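For reference, the structure is listed below as structure tokens.
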Amino acid sequence: MNRPGSNARNDGALTRRQFLAWSGAAAAAWPALRGADASTTTLPFANGTRPLVKYPQKRPLIRLTARPPQLETPFSVFNESLLTPNDAFFVRYHLTNAPPPPELLQPDRFRLGVGGKVTTPLSLSVAELIAKFESVETVAVLQCSGNSRGFFEPRVAGGQLGHGAMGCARWKGVRLADVLKAAGLKPEATQILFNGLDTPALPATPDFVKTLEPDLALSPELLLAYEMNGEPLPWLNGFPLRLVIPGYYGTYWIKQVSEITAIDGEFKGFWMNPGYRIPDDPCAAIAPGTTPKRTVPISRLNVRSFITSPAAGTAIRTGTETRVRGIAFDDGHGIREVLFSDDGGRRWQAAELGTSLGNYAFREWTIPWTPSRAGTVTLMARATNRLGQSQPMEPLWNPSGYMRNCVEPVEVNVT
Amino acid sequence: MLGCLPALLAFGAEPFVSVEPARNPFAGDALVLPAGQPSVQPGEGAGLVIATCSQCHSLDYITTQPPLTRAQWTAGVEKMRARFGASVSSNQVPILTEYLTRAYGAPAKSP
């Protein structure tokens, strides 16, 4: 077992047997074997020990819950590649019967229905979608609203996630707008509902349905995606079809999306209200422990950055140049600058930004760093986007544990 | 990967982050979910918690929570009953809340 507070240094560790089994595939890309016990990892907050469990089409991931599955990406994966591998991409379902059983997802069975306030209701297989509409690709970050919830203080109820409920992938699909135009939204349509094939155990449990405003749904950036990083979507990430909404939190990216319904009026479902709401405040924050006066649906990602190397707790020698690197992202305005500090935030210098994979993607940043003094050193990164939005130095708080985006310090041991 | 070479030469350090992810070696896995979930701590009410909560979700929904206050556990039980339609009678609510607070609770204070 790992030491608590070590920022999950054992994450991604593999058993020797697993490692040997995979070594033919891409041994160089896998994380190094670390630690004696590969069956658990410990996230750096109270009650943070989790099993590492292998799911279909996945490498062992940090399991938060089994039924329905919620799996977190070990943080070391974010230092492997800018695009998060499909087999390491996080999983978050809400309803008991999820993911939907494979027999419902077969090509000859699965249909996307488009109905409600439209002139031409549609029912299309994935093959028909691909045949009828132009396919496009976009690289975009998918992040859970509650990513990093486990770091909230005071702690809040909900999925106790580290930083691994995010990922960046190249999504390929047809434009949602093209499909909605083919169906013909009637003028009275005020909201578009999206439902997937996951279902609750009890009839009284609200189905997981999310809504978008027509203006957003008709934006050319939204996709009905059937591929992720050049492969069909993994079962646990929405095979055969999911919604992709670049710049928006994952709660709207409906998996196994099978029903699109245009309605007039306002949808009242649980998962739009009171579920997935944030304080109606520019920072989505209120005083810790208090209750918001007014809430709005969560929507766009805020600015975040992470140091992915060195990992917390790494031993580094004085006088040796090392390359600090990490990732930064926002809701699609694009990252303008990432600043780096090696003294706990007193002095900052600009890091070098890597190649852009698009404004919605993880942006790599790097900076050469030569530690000069021995001891525990606190490294920090702070990103700013093209609007000038940045990251708070101290965490903000809201009762649902959403949208954490403060500077995340990483302590290393300089010897 | 060739694109990484200039960076390697320039800095002599570990390679940059590569852009492309490794191919997924598990694409051919059977689509069967693994079994297994934790149980909850023994104690009065544990049986009711297992029977009630397991109708819809695994017990790690409980065991992975941080120590929560009685108010937080009460709100959780009420959410499951009122919003999610869990079949919990009104005389069972205090049994569930008492067990959860005792087994997975934080000292009483404002959250």
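On the given criteria, is A:TRP369 in contact with a Gly (Cβ under 6 Å, 6 or more places away or on another chain) and either within 14 Å of chain B (Cβ to nearest Cβ) or modelled with pLDDT under 95 (or both)? No; evaluated as a whole, the condition is false for this residue.
Taking residues in the range B:84-108 that are open to solvent by 80 Å² or more (accessible area, probe 1.4 Å), and partners anywhere that are among the hydrophobic types (A, V, I, L, M, F, W, C) and part of a helix (DSSP H, G or I), the pairs with Cβ atoms closer than 9 Å and at least 6 places apart or on different chains are B:ALA108/B:ALA71. Do we find that A:GLY158 is open to solvent by less than 30 Å² (accessible area, probe 1.4 Å) and either within 14 Å of chain B (Cβ to nearest Cβ) or assigned to a loop (DSSP other than H, G, I, E, B) (or both) in this structure? Considered against the rule, which asks whether it is open to solvent by less than 30 Å² (accessible area, probe 1.4 Å) and either within 14 Å of chain B (Cβ to nearest Cβ) or assigned to a loop (DSSP other than H, G, I, E, B) (or both), A:GLY158 comes out as yes.
Restricting attention to the range A:36-59, the residues that are more than 21 Å from A:PRO101 (Cα to Cα), within 11 Å of chain B (Cβ to nearest Cβ) and either open to solvent by less than 10 Å² (accessible area, probe 1.4 Å) or among the hydrophobic types (A, V, I, L, M, F, W, C) (or both) add up to 5.
The values are calculated or read from the model by the stated rules, or taken from the named source; none is laboratory data. Note that the structure is a prediction, hence the values are computed from the model and not measured. Please note: Cβ atoms are built from the backbone with ideal geometry, for glycine as well, and neighbour counts cover all protein chains shown. Accessible surface is based on the protein model in full, side chains and every heavy atom, while ligands, DNA and RNA are left aside. Shrake-Rupley method; radii C 1.70, N 1.55, O 1.52, S 1.80 Å.
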